[in-house]
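For reference, the structure is listed below as structure tokens.
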Amino acid sequence: MDLGDLLIFRSVVQEGGITRAAERLHRVQSNVTTRVRQLEQDLGVDLFIRKGKRMHLSPNGKLLLDYADRLLDLAQEARDAVHDGEPRGPFSLGAMESTAAIRLPAPLSEFHHRYPDVTLELHTASISQLTSGVLAGEYDAALVAEPIGDDFEKTTIYDEELVLVAEAGHSPIRTPRDIRSRSVLAFEAGCPYRLRLQQWFARSGELPERIIEMSSWHAIVGCVAARMGIAILPQMVLSTFPKLNFLSIHAMPAGVNRAPTVLITRKGARSPKVTALIDILNDSAGASRPPKQRKKSN
């Protein structure tokens with residue numbers, strides 16, 4: 001068993017079959033089939049369950065895939081370490097929609113300027129898709145909101161302030177009782193912002209009347225303006241909405257009004273490209289924070 005065998009094995013898993021894996025690796029199908037068979041013979045186990053032309057990972061295959069990911073990541077880390085450490089090559093970055101649209105344009109422009117040898121691709125997805133994608137090796141890194149598990153290396157980049165948004169003219173919202181008869185517009189279950197709103201309701205022994213799941217911040221804000229419900233969202237999202245006079249903004253209480261955004265990578269898989277991006281993101285985040293006011297001396 002060598003790294004070449006593991007790379008072919010992982011490609012077959014990721015591409016869902018021999019044909020697409022061969023195309024990705026620029027090999028003939030018979031070569032990929034032979035290498036997979038040889039790996040199975042070497043290990044003495046079946047890595048796939050074959051039904052006609054379809055292939056599914058066997059339990060032993062799932063076990064090997066975890067080791068293959070770690071070994072291939074470690075090998076890439078070793079290659080990076082013995083070179084000059086200059087970021088180069090493909091870089092797949094995942095991010096939440098709001099972060100990608102509002103926070104990333106300036107720092108990614110700077111990243112492209114500083115590191116022209118890096119081919120960066122930005123992908124937006126839900127937090128569950130981003131975290132699973134990082135673990136599966138689909139993304140080199142991703143920007144997600146806390147809380148997430150301990151399976152990652154994490155660097156805090158932003159600390160978003162969360163606010164409640166309702167239609168213009170809505171009466172002040174101080175407790176969940178003020179909106180218990182209103183629908184809540186939110187992302188899918190598991191969204192950290194939605195979780196904080198549900199925690200706020202739970203503290204008062206209340207439940208939202210109805211939660212309407214949506215897939216876009218623009219849609220959520222538009223529907224709030226149209227009096228379809230209320231929503232919790234990062235304050236920075238409102239900077240992109242041109243009709244703020246159609247909305248009313250209400251503060252959330254301490255404990256549920258902050259949402260750190262972290263950059264995550266697989267443990268042990270942080271590359272020079274990721275480190276370079278973190279430096280630029282931190283510089284950008286620092287520049288966007290208002291300066292601290294000095295206390296007047298008596």
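The values are calculated or read from the model by the stated rules, or taken from the named source; none is laboratory data. Please read these numbers as outputs of a predicted model, since none were measured by experiment. Methodologically, a virtual Cβ is constructed for each residue, glycine included, from the backbone with ideal geometry; neighbour enumeration extends over all protein chains shown. Heavy atoms of the whole protein, side chains included, go into the accessibility calculation; ligands, DNA and RNA do not. Shrake-Rupley method; radii C 1.70, N 1.55, O 1.52, S 1.80 Å.
Some points to look at:
- Checked against (1) under 23 Å from the mean Cα position of the chain (by Cα); (2) open to solvent by 30 Å² or more (accessible area, probe 1.4 Å); (3) of a type outside the set (A, V, I, L, M, F, W, C), Ser204 passes all but a single condition, namely (1).
- Total residues in the range 207-250, condition farther than 15 Å from Ala101 by Cβ and open to solvent by 80 Å² or more (accessible area, probe 1.4 Å): 11
- Matching residues, the range 13-29, being touching a strand residue (DSSP E or B) at 6+ places or on another chain (Cβ under 7 Å) and either among the charged types (D, E, K, R) or crowded, with 17+ Cβ neighbours inside 10 Å (or both): Val13
- Between Thr119, Thr99, the distinction of being more than 14 Å from the chain's Cα centre (by Cα) and polar (S, T, N, Q) belongs to Thr119 only.
- Condition met for Gly4 (surrounded by fewer than 14 Cβ atoms within 10 Å (Cβ to Cβ), within 26 Å of Tyr139 (Cβ to Cβ) and within 30 Å of the chain's Cα centre (by Cα)): yes
Listed here are the residues, each with its yes/no results for (1) crowded, with 16+ Cβ neighbours inside 10 Å; (2) at pLDDT 90 or above; (3) within 28 Å of Thr240 (Cα to Cα).
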| residue | (1), (2), (3) |
| --- | --- |
| Ser98 | yes, no, yes |
| Pro107 | yes, yes, yes |
| Ile127 | yes, no, yes |
| Ala136 | no, no, no |
| Val144 | yes, yes, yes |
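- Residue count for the range 116-158, restricted to those that are closer than 20 Å to Ala189 by Cα, touching a residue at least 24 places away in the same chain (Cβ under 8 Å) and of a type in the set (Ser, Thr, Tyr): 4
- Screening the candidates Val163, Val184 for the property of being open to solvent by less than 60 Å² (accessible area, probe 1.4 Å) and in contact with a His (Cβ under 8 Å, 6 or more places away or on another chain) yields one hit, Val163.
- Residue in the range 109-125 that is modelled with the lowest pLDDT, counting only those that are in contact with a strand residue (DSSP E or B) (Cβ under 8 Å, 6 or more places away or on another chain) and among the acidic types (Asp, Glu): Asp117
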